[in-house]
Protein chains: 2
Amino acid sequence: MKKAFTGFCISIFSLSVMAQVAPTPVARPAQGARNAVTSPQILPDNRVIFRLFAPKATAVTLNGDWMATGVNEPLIKNDTGLWTITTVPLKPEFYGYSFTVDGVRALDPSNAQVKRDVVTNSSVLLLPGKESDLYAVNDVPHGTLSKVWYYSATLKLNRQMYVYTPPGYEKSTEKYPVLYLLHGGGGDESQWIILGRSCQIIDNLIAQGKIKPMIVVTPNGNANQAAAPGEAPAAKQQVTNQAPNPNTVTNLYEKSVVEDIIPYIESNYRALSNKENRAIAGLSMGGNATLRITMSYPDKFYYVGVFSSGFFDGSMSDVEKRYLSVLSDPDFNKGKKLFWIGIGVDDFLYQICKSSRELLDKYKITYQYVETDGAHTWFNWRKYLAIYTPLLFK
Amino acid sequence: MKKAFTGFCISIFSLSVMAQVAPTPVARPAQGARNAVTSPQILPDNRVIFRLFAPKATAVTLNGDWMATGVNEPLIKNDTGLWTITTVPLKPEFYGYSFTVDGVRALDPSNAQVKRDVVTNSSVLLLPGKESDLYAVNDVPHGTLSKVWYYSATLKLNRQMYVYTPPGYEKSTEKYPVLYLLHGGGGDESQWIILGRSCQIIDNLIAQGKIKPMIVVTPNGNANQAAAPGEAPAAKQQVTNQAPNPNTVTNLYEKSVVEDIIPYIESNYRALSNKENRAIAGLSMGGNATLRITMSYPDKFYYVGVFSSGFFDGSMSDVEKRYLSVLSDPDFNKGKKLFWIGIGVDDFLYQICKSSRELLDKYKITYQYVETDGAHTWFNWRKYLAIYTPLLFK
C-alpha cells in the first residue's frame, strides 16, 4: 500500500499540489509536517528565505551557487524544530542549492525541482528578474526538444543526443540553420539543457526577434559513453578503448560530430546543409573540442564559439605544430564569418585562453574576444550563449 | 571560482566519472570523502548494500519502495563514520529510495540518478534481472522522445506533452497507430516517462516483436496546468477556473484529449487516424479519465485500458444515470476491440473498480479483467502497460 497516495488521493483531497511552482512549492499533504514549510521564499527585495523542518538535527547549513567556494552558512533553529536562513539580496539567476544536515548533503524537501551537474544533484532556485529573464520559461512559443538516438560509425556506438527544433518547425516546410552546442568535461548531452537553459534562452531570443530560428543539437561529448547516466544500456555505458581524454589527440569525438552527427541531422531534419548555415560552440572541454574541429575541419562551420576555453591538447607549441597548415592558411579568415571567444577574468583557464589567442594572433587569425567578469561557471556560459547566438546566420 | 571543477578538471584529472552507472556510481573527486563510497551495491544474490558517510549524524535510516509503508530501517555506523545497511534479496525492479539523516530526508549522494514522484524526489535503483528487464535501457533500437508544446483551444492554454515515436519513424514513410497514455493524480506529463518507464517498455517490447511499433502520447492531465513543475510559464502554471477535480464533471481535460490532442497528433505526425488505430489507457485518475472519455466519446478509441481505477465521479448510480445512453447502447461492444481492466487485490480502489465492473456487467458490456497481486503502485502500472500494449492494433 506504500504508494497508495501517489496516484489518486492528492488530486481528490487537495488541489494544492497544482500550485507547485518553484520558488514557492507547496507541501505534499501525505508527507506530513516535514514538508509543510515554504522553501525557498523570495522576498520583494530578492532576499531569499530557506527553511527546513529538522527538530532532531544539531547543525544545518546552506550552500548555494551564489556563495563563494566552500562557504556553508548556518541556519537557525526555532523551538518548533524549524531551521531558517535569510540571504542577502540575490541577483536574479538560475541557482542550485543544498542543505547540509549534520554533515550530510540534503536537497530541500519542500522543493520538487532538482538539477544534476555531473553526479551531484541540487535543488533549483530560479530567481526571477531582468537578469534571469532569458532563462525562464516565458509565455512565448516553445520549440520541441527531442531525445534522439543515432549510430556513430566513428565510435561504433548507438548514442543519444538532444535536438531542439524551433517553434513552428512542425508546420513549416522551411529549412533551418543548425547550431552544434558542446558541453564541458564530466557532462553529457543533458548539460546544456538542464544547466545551460539552452531551450529557454533560444525560445526567448527567437520570441524577441534577436536570433534566427535555428535547430540546436547537443550531443554527448564523452566518446566512450552512449548516453547520460541511467540512459544508456549498462554494457554500453563505458567502452574502454575510447577514453575522451583531452590530452590525447584521438579526435574520435570530434570526428563523430562532423562525420556522424552532421550527416544525421542534415538527412533527418529540415536543416540547411551548407557551411554558412552551420555554427558550433562549446564550453570548457567542449570549447577545446570546438577548436579541434575548427582546425581539423576548417571548411565545416562558418561560425565558431569558444566559451571559457583554449587549446589544451599539450603545449601551445605542440598545438602550433599540429595545426600549422591550417593556422598558416592565408584563406582561413575568409572561411569564417565569426570566430568568437569569451572568458571570465577569474576563469582558471584564463591563461590557456590567452596563450591560445596569442597563437591565433601570431597567424593573423581574426576573432571576436569578449572578456567578462566571473569564473568557470554556468553563470557565464548561459550569458555567452545569449551573446553568441544573436551573431549567427546573419 | 565555485564551479571551477564542473566543466573541466574532472575529465582531465580523472576519468572515473565516466563510469557513473547506477547502481555503482563513482565518486566525484572534487567532493571529497563524502562521496567516496559505493552506494548502492548489488550483491550476486540481489541483496543490496546502501552506504552513507555521515560521521556527525546520530541516526540514519533507509526507506525504499520495496518496504511496507512507513518502515524505515536503521543503518549501522562504523568507527570511520560510514553507515551501512544490507537488505534482504530484492526482486529485480525499478525502485526509489532515500535516507533519513537525523530526521531529514536525504538522497544518496553517491548516486547521480534521481526520480521525481509528484513533489518528492528519490534516488533510483534499477535492480537488473528477468522481472525488470523490460524497464532497463537495453541494447535495442530506441524510439525518439519529444517534449512538444500544443495549443489546447478547450483549455485556452499552451501545454506540454511527450510524444514517443518508435525506432525507424524518422526514416519511414509509414503511418503508425497511437496510444494515448494518461497519468494519475498529482502527476504530470513526465510521470509515465520517469516512473512508468514507458519508453523502455515500448522500445523493449517492439524489439522482442511483441507489440506493433506505435506512437505513444503522454499529456498533462491537470486541466489547469500548462506543464510539469518548472516547465511552464509561472503565470500559466495555474489557471484557477479549470480545477481538475475528478469529483466534478467538467470533463474539460477529457474534451481536450479528444478535441485538441488527437487532431494535433494526427496532423503533425504520421499517425493512422481511424478509430481502429487509436488506443487509450490511464492509471488511477487517468483510468477514470479513460472511462469518461470512453463514455463521452464512444467512437474514438477501439482499445481502452483502465489501470487501477473505476468510475469515481460521484456515486455509481450518478454514473449510471449520466452515461445511460452509452451504457445501454446495444452496439457498444461492437465499437471496441478491447476493453481492458486491471487492478491489484490490495488496491485501495479495488471496491470502486469492482462496482464499476458490476455496472458494466449490468449492461452486458464486455471487458477483459486482470486481477494481480499488489496495490496502487507503479509496480503494477508498469506491469499493466506491458500486458496491455501487446493486445493493441492486432
Only Lys, Arg, Asp and Glu count, each charged at its Cβ (+1, +1, -1, -1), so figure out the dipole size of segment A:125-187 about its Cα centre, rounded to 20 debye.
400
Measuring nothing but label to label, 7 Å from Cα along Cα→Cβ, what are B:GLN41's distances to the other copies in nm, shortest first?
4.4
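Counting only protein heavy atoms and rolling a 1.4 Å probe, how much accessible area do B and A lose on contact, total for both sides, in Å² to 100? Numbers along the way, then the final one.
Numbers: alone 17740 and 17760 Å², together 27330 Å².
Interface area, both chains combined: 8200 Å², rounded to the nearest 100.
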Vicinal HN-Hα couplings computed from phi for segment B:297-314 (Karplus, 6.51 cos²θ - 1.76 cosθ + 1.60; Hz; Gly/Pro x):
10, x, 9, 8, 10, 8, 10, 10, x, 10, 9, 6, 7, x, 6, 10, 9, x
Rank A:GLN160, B:PRO229, A:GLY209 by how far each Cα sits towards the positive end of the charge dipole of the protein assembly as shown (+1 on Lys, Arg Cβ; -1 on Asp, Glu Cβ) and give me just the farthest.
A:GLY209
Using 7 Å Cα-to-Cβ label points, what is the B:LEU43/B:SER296 separation (nm, one decimal)?
5.3
What translational diffusion coefficient, in µm²/s and rounded to a whole number, does the Stokes-Einstein relation yield for the protein assembly as shown at 25 °C and a viscosity of 0.890 mPa s, taking the hydrodynamic radius as the Kirkwood radius over Cα pairs?
90
At 1.4 Å probe size, with every protein chain present, just tell me what the per residue accessible area of chain A comes to in Å².
35
From the cross-link list B:LYS364/B:LYS394; A:LYS171/B:LYS275; A:LYS115/A:LYS354; A:LYS175/B:LYS175; A:LYS91/B:LYS115, which pairs have alpha carbons spaced over 26 Å apart?
A:LYS115/A:LYS354; A:LYS91/B:LYS115
The protein assembly as shown - share of DSSP beta bridges that are antiparallel (%, nearest 5)
65
Would you please classify the overall shape of segment A:81-206 from the alpha carbon gyration tensor, given that a ≥ b ≥ c denote the square roots of the eigenvalues, rounded means a/c under 1.5, and beyond that prolate means a/b larger than b/c while oblate covers the rest?
oblate
Using the Karplus curve 6.51 cos²θ - 1.76 cosθ + 1.60 with θ = phi - 60°, work out ³J(HN,Hα) for each residue of segment B:373-390 in order, rounded to whole Hz, and write x for Gly and Pro.
7, x, 10, 8, 9, 5, 3, 6, 5, 4, 4, 5, 4, 6, 8, 6, 5, x
Which residues' amide hydrogens lie under 5 Å from the amide hydrogen of B:GLY305, considering only partners 5 or more residues apart or on another chain, with H built in the peptide plane?
B:ILE280, B:ALA281, B:GLY282, B:TRP340
If a/c stays under 1.5 just call it rounded; otherwise compare a/b with b/c (prolate if a/b is bigger, oblate if not). Do that for segment A:150-196, with a ≥ b ≥ c from the square roots of the Cα gyration tensor eigenvalues.
oblate
What lysines sit close enough to A:LYS56 to cross-link, taking a C-alpha to C-alpha distance under 21 Å and skipping anything fewer than 8 places away on the same chain?
A:LYS77, B:LYS56, B:LYS77
Given charges at Cβ of Lys, Arg, Asp, Glu: the protein assembly as shown dipole, positive-most of B:SER132, B:GLY286, B:PRO89
B:GLY286
Could you name every residue in segment B:124-138 that has 20 Å² or more less accessible surface in the full protein assembly than in its own chain alone (probe 1.4 Å, ligands and nucleic acids excluded)?
B:VAL137
Chain B: relative contact order from alpha carbon pairs under 8 Å, six or more residues apart, as a whole percent, is 11
Lys and Arg at +1, Asp and Glu at -1: neighbours of B:LEU134 with Cβ under 13 Å from its Cβ sum to +1
For segment B:152-196, which residues drop by 10 square angstrom or more in accessible area between the chain on its own and all protein chains together (1.4 Å probe)?
B:ASN158, B:GLU170, B:LYS171, B:GLY185, B:GLY186
Expected vector for segment A:165-182, Karplus 3J(HN,Hα) from phi with 6.51, -1.76, 1.60 and θ = phi - 60°, integer Hz, x for Gly and Pro, equals 10, x, x, x, 3, 4, 8, 8, 10, 5, 9, 10, x, 10, 9, 9, 10, 9
In nm, spacing of pseudo-spin labels at B:VAL88 and B:ILE387 (7 Å Cα→C-beta vector)
2.4
Global geometry of segment B:336-392, whether rounded, prolate or oblate, following the gyration tensor of its Cα atoms and the 1.5 cut on a/c:
oblate
Pop out the carbon and sulfur fraction of the accessible area of segment B:307-387 as a percent, whole number, probe 1.4 Å.
54
For the protein assembly as shown, with +1 on Lys and Arg beta carbons and -1 on Asp and Glu, the positive-most of B:TYR388, A:TYR151, A:LEU252 along the dipole:
A:TYR151
Need the per-residue list for segment A:329-356: every residue with at least 40 Å² less accessible surface in the complex of protein chains than in the chain by itself, probe 1.4 Å, sorted by number.
A:PHE348
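When the dipole is taken about the Cα centre of segment B:241-393, and only Lys, Arg (+1) and Asp, Glu (-1) are charged at their Cβ, what size is it in debye, to the nearest 20?
Once rounded to the nearest 20, the dipole reads 300 debye.
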How many percent of Cα pairs in segment B:43-94 exceed 18 Å?
36
Under 5 Å from the placed amide H of A:SER152, counting only residues 5+ away or on other chains, we find A:LEU157, A:ASN158, A:ARG159
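Mind checking the dipole of the protein assembly as shown: about its Cα centre, +1 per Lys or Arg Cβ, -1 per Asp or Glu Cβ, Debye to the nearest 20?
Approximately 580 debye in magnitude.
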Net charge near A:SER325 (other residues with Cβ under 14 Å of its Cβ; Lys, Arg +1; Asp, Glu -1) is -2
How many angstrom lie between the Cα centre of segment A:151-229 and the Cα centre of segment A:294-342?
22
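The values are calculated or read from the model by the stated rules, or taken from the named source; none is laboratory data. Nothing here was measured: the structure is a model prediction, and the numbers come from that model. Cβ sites come from the backbone with ideal geometry, for glycine too, and all protein chains shown count toward neighbours. For the accessible areas, the whole protein counts, side chains as well, though only heavy atoms, and no ligand, DNA or RNA atoms are used. Shrake-Rupley method; radii C 1.70, N 1.55, O 1.52, S 1.80 Å.
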